[in-house]
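A.B. asks: Below you will find the structure I want to go over with you.
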Amino acid sequence: MTVSSSRDPAILVIHGPNLNLLGTREPQIYGSTTLAEVNQELHALAAEHGAQIEAIQSNHEGVLVDRIQAASGKVDYIIINPAAFTHTSVAIRDALAAVNIPFVEVHLSNIHQRETFRHHSYFSDRAVGVICGLGPEGYRAALRFVLQKMSLWT
Ligand code: DQA
C-alpha cells in the first residue's frame, strides 16, 4: 500500500453498471436507497474522520479501467462494487492488480443466494475482504474497515 505523507488519505469508491438506477432498480433485491444517498452517507462518514473520498459510477468497463489506472499513487484504498462486471471483467481485475491498491469488494445482494453465474467473482481472490448481502450497510462497513486500516477510526 502506498501512502503519501504529502496529502490527505484518499479513498476511491467505484460503482459499476446499473448502480445509477439504485432505488428504482429491482427494489426487492437492491432496496430503495438511491446511489446519491449511499454516496452522501459515505462522504459524511469519511469527512468525520478526515479522509478524502471520491465516488464514481460508470456503465462502461473502459471508463472504470481508466479511473483505476489514474488512481495509481493518488489513492490509498478502493471500495468497489463492480456490479455485473464482477462476473465478467478480467480487464478491471487486471487494472486493480496493476495499480496494486488494496480494495474491498462490496455487493448489496448476497450473490451466493442468487443465480449460479453470480457465484463467481473475478475480484474476490484479490480483495482484502468481500461484503455481500448487507445492502447499503455493506458500503458503510467497508468504509469503517478502510478508515480503521488507515488509522483514522478514532
Ligand atoms: C451486485 C450483484 C451483481 O451480480 C449484479 O450484476 C449487480 C449488483 C450487487 O450489488 O448485489 O449489478 O453487484
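The values are calculated or read from the model by the stated rules, or taken from the named source; none is laboratory data. As the structure is a prediction and not an experimental result, all values here were calculated from the model. Cβ placement follows ideal geometry from the backbone for every residue including glycine, while neighbour counts extend to all protein chains displayed. The accessibility values were calculated without ligands, DNA or RNA, using every heavy atom of the protein model including side chains. Shrake-Rupley method; radii C 1.70, N 1.55, O 1.52, S 1.80 Å.
A.B. asks: What does the charge add up to near Ser89, with Lys and Arg as +1, Asp and Glu as -1, over the other residues with Cβ less than 13 Å from its Cβ?
C.D. replies: -1
A.B. asks: Turning to a different aspect of this structure: Collect residues whose amide H, placed 1.01 Å from N in the peptide plane, falls under 5 Å from the amide H of Ser72; neighbours closer than 5 in sequence don't count.
C.D. replies: Those qualifying (amide H under 5 Å, at least 5 residues apart or on another chain) number zero.
A.B. asks: With a cut-off of at most 15 other beta carbons within 10 Å, and DSSP calling the residue loop, which trypsin sites (Lys or Arg not before Pro) in the stretch 60-113 qualify? Please list them.
C.D. replies: Answer in residue order: Lys74.
A.B. asks: What angle, in degrees between 0 and 90 and rounded to the nearest 10, separates the Cα long axis of helix 137-149 from the longest principal axis of the Cα atoms of the chain?
C.D. replies: Tilt relative to the chain: about 20 degrees.
A.B. asks: Specify the angular offset, from 0 to 90 degrees and rounded to the nearest 10, of the alpha carbon long axis of helix 61-70 from the longest principal axis of the alpha carbons in the chain.
C.D. replies: Long axis of 61-70 versus the principal axis of the chain: about 10 degrees.
A.B. asks: On to the next question. In degrees, nearest 10, range 0 to 90: what is the angle between the Cα axis of helix 90-99 and the longest Cα principal axis of the chain?
C.D. replies: Relative to the chain, helix 90-99 is tipped by roughly 10 degrees.
A.B. asks: Another question, then. So what's the gap between the Cα centers of the stretch 19-82 and the stretch 119-154, to the nearest angstrom?
C.D. replies: Spelled out, the Cα-based centre of one part sits 12 Å from the other.
A.B. asks: Rounded to the nearest 20 debye, what is the charge dipole size of the chain about its Cα centre when +1 sits on each Lys and Arg Cβ and -1 on each Asp and Glu Cβ?
C.D. replies: About 160 debye.
A.B. asks: Let me ask something else about it. In a Debye calculation with equal point scatterers on the alpha-carbon sites of the chain and no solvent, what is log10 I(q)/I(0) at q = 0.08, 0.12 Å⁻¹?
C.D. replies: The computed values of log10 I(q)/I(0) come out as -0.20, -0.46.
A.B. asks: Take the chain, connect every pair of alpha-carbon atoms lying under 10 Å apart with a spring to form a Gaussian network, then pick out the residue of Gln52, Gln113, Gln40 with the largest mean-square fluctuation.
C.D. replies: Gln113
A.B. asks: Related question: Net charge within 15 Å of Glu48 by Cβ-Cβ distance, Lys/Arg positive one each and Asp/Glu negative one each, not counting Glu48 itself?
C.D. replies: Result for the local shell: 0.
A.B. asks: Could you work out the local net charge near Leu147, counting Lys and Arg as +1, Asp and Glu as -1, over the other residues with Cβ closer than 12 Å to its Cβ?
C.D. replies: Spelling it out: positives minus negatives among the neighbours equals +1.
A.B. asks: Now, a different point. Could you check how much of the accessible area of the stretch 1-62 is carbon and sulfur, as a whole percent, using a 1.4 Å probe?
C.D. replies: Exposed carbon and sulfur together represent 48 percent of the surface.
A.B. asks: While we're here: Counting only the backbone N, which residues of the stretch 16-45 are under 16 Å from the spot 7 Å out from the Cα of Ala70 toward its beta-carbon?
C.D. replies: 16
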